[in-house]
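The values are calculated or read from the model by the stated rules, or taken from the named source; none is laboratory data. Predicted model only: the values in this text are computed from it and were never measured. Note: ideal-geometry Cβ built from the backbone for every residue, glycine included; neighbour counts use all protein chains shown. To get the accessible areas, we keep the full protein, side chains included, count just its heavy atoms, and leave off ligands, DNA and RNA. Shrake-Rupley method; radii C 1.70, N 1.55, O 1.52, S 1.80 Å.
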Protein chains: 2
Amino acid sequence: MPTSTVENYLKAILVRSTGDEAVVATGALAEALGVTPGTITTMVKSMASRGLLEHQPREGVRLTPEGRTLAMAVVRKHRLVETFLVQVLHMDWKEVHEEAEALEHAISDRVLLRIDAILGYPVADPHGDPIPSRKSHLLERGKGVTLATCEALKPFRVERILDQSPVFLEFIQRTGLKPGARVRVRDRDPASGVVRCDLKDSEATLGLPEAAKIEVKAV
Amino acid sequence: MPTSTVENYLKAILVRSTGDEAVVATGALAEALGVTPGTITTMVKSMASRGLLEHQPREGVRLTPEGRTLAMAVVRKHRLVETFLVQVLHMDWKEVHEEAEALEHAISDRVLLRIDAILGYPVADPHGDPIPSRKSHLLERGKGVTLATCEALKPFRVERILDQSPVFLEFIQRTGLKPGARVRVRDRDPASGVVRCDLKDSEATLGLPEAAKIEVKAV
DNA sequence: ATTTTGTCTTTGACGACTCAAAGAGATTAT
DNA sequence: ATAATCTCTTTGAGTCGTCAAAGACAAAAT
Ligand SMILES: [Mn+2]
Ligand SMILES: [Mn+2]
Ligand SMILES: [Mn+2]
Ligand SMILES: [Mn+2]
């Protein structure tokens, strides 16, 4: 069994493996995991020797099928736990990421099955991130329609929040731009970099980079 | 913060500290934690230097107030988690000890409070073990009335199971001698070491040492 | 009073994870 | 083409938790 450290490494690699050439730079991992580059090199070599990933020195790292399967299981646990904490324990959706970060390593498959059943087999977590099924081997990516790119004046629904940092989630909470909310871009100004949106009973103003972190879907 | 290893050591010491002279032999800890005696000596010295316990070489170990407080918090988490797994996730009460052994180290106080509230602030776990309150500093011991010592032919209620091993819990499950069950000792024979009990719709036969692991209370 | 036995401690070593600092490779700028 | 910069790797070291094996102590047996 992988240690929780290894599980965190696997997850960090998985969520950064975009597309076919799923190669992740070790520097990005050092950044993401809050350790020094040298630590990443060491860990990555040991994980490679265990068959969890391949390491091209000075190039990056790619999960093996085994590594990807393990990583998917961790992501699944993380997101089901988050959903459980919000849905059943009624916790604040801003807090649950941190809690899930620890619980994802302590919950057995037996317990996870119960949680999944009680929640009615949800397909997305509170942030709108898709919950991998028990045997899926692919991680769905965002389709790219966000408040920064969607057609103006047309109605959309918030689908997914692509930034889990407390400060951003706090903003989302405050404005009500949570997954499920109806929203319409009133005005988008590339010159000033400002996006203005209408919600049901309110409006929200945000910058373009921030708007790009809110995935939406036509309703 | 203590590591989960240190938490397990603290808990093992606490549940073995009986009475005033709460000194626990290091050998008993080695046995309980499944490590070699030398490992215990090493860990115990480091925990002593952190102020969690006092170590009299070749005598034993005693928790400091700080160590006891931490240990109580771990026991509280363990028992609340067990209760939650049975009550809310409807897991088999034979399985939950193992699950709680891991979860007790991963659950934050925030989550624990929610669990406690949802359960309605229970005072005992599925095995009948008392759940320490948030600030209690004493671990209640069994009062000593068991199926091995209670008066015969009088009605009692099962209060607590003092052996958490899977094989014993399996027996308890099979006979229905779970906490809450009504029971009456029909016949106790010191010569053969056999105790015969009546339950609601059945009867159970067990040895004296086993009977001593089932705490009961007059109804 | 010795010896034996059982329990505990010490010592040396190892795997997992980490850092700081120095070194090597590759990319970009001049 | 050379230098500067950026990124990654290597090296040496430290902490934590563990073991095996050897040593010390104390209680019990002779
Ligand atoms: Mn984690
Ligand atoms: Mn999430
Ligand atoms: Mn534990
Ligand atoms: Mn219990």
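Brief remarks follow.
- Expressed as a whole percent, the accessible area of the protein assembly as shown that falls on carbon and sulfur atoms is 54 (1.4 Å probe).
- Distance between the stretch B:1-39 and the stretch B:174-219 - C-alpha centres, whole angstrom: 31
- Size of electric dipole in the protein assembly as shown: Cβ of Lys, Arg +1 and of Asp, Glu -1, about Cα centre, debye, nearest 20: 480
- Cα-centre dipole for the stretch A:4-67 with unit charges at Cβ (Lys and Arg positive, Asp and Glu negative), debye to 20: 160
- Entry comment: accessible area of the stretch B:4-67 is 52 Å² per residue, from protein heavy atoms only and a probe of 1.4 Å.
- Share of alpha-carbon pairs per 10 Å distance bin for the protein assembly as shown, given as whole %: 4, 17, 21, 23, 17, 10, 6, 2, 0, 0
- Using C-alpha pairs below 8 Å separated by at least 6 residues, the relative contact order for chain B is 15 percent.
- Members of the stretch A:99-120 that become less accessible by 30 Å² or more once partner protein chains are added (1.4 angstrom probe, chain alone as reference): A:Glu99, A:Leu103, A:Ala106, A:Arg110, A:Val111, A:Arg114, A:Ile118
- In the stretch A:166-209, a dipole from Cβ-located charges (positive for Lys and Arg, negative for Asp and Glu) runs towards its positive end, and of A:Gly180, A:Val195, A:Gly207 it is A:Gly180 whose Cα lies farthest in that direction.
- The equivalent ellipsoid that matches the C-alpha gyration tensor of the stretch A:6-101 spans semi-axes of 28, 14, 11 angstrom, in descending order.
- Gyration tensor over alpha-carbon atoms, the stretch B:160-219, equivalent ellipsoid semi-axes in Å: 16, 15, 11
- Think of the stretch A:4-67 as having a plus end and a minus end, set by charges on the Cβ of Lys, Arg, Asp and Glu; of A:Ser46, A:Gly60, A:Thr26, A:Ser46 sits farthest toward the positive end of this dipole.
- Interface area, chains B and A: about 1700 Å² of buried accessible surface, summed, with a 1.4 Å probe and ligands, DNA and RNA left out.
- Of the GluC sites (Glu not before Pro) in the stretch A:91-178, those whose Cβ has at most 15 other Cβ within 10 Å and which sit in DSSP loop: A:Glu140, A:Glu151
- Rounded to the nearest 500, the helix-only mean residue ellipticity at 222 nm of the protein assembly as shown stands at -12000 deg cm²/dmol, with each DSSP H run of n ≥ 4 adding -39,500 (n - 2.57).
- Quarter the surface of the alpha carbon convex hull of chain B and you get the mean projected area, 13.3 square nanometres.
- Centroid-to-centroid separation of the stretch B:81-99 and the stretch A:74-121 [C-alpha atoms, Å]: 16
- Rounded, prolate or oblate (a/c below 1.5 giving rounded, otherwise prolate when a/b exceeds b/c) for the stretch B:105-198 by Cα gyration tensor: prolate
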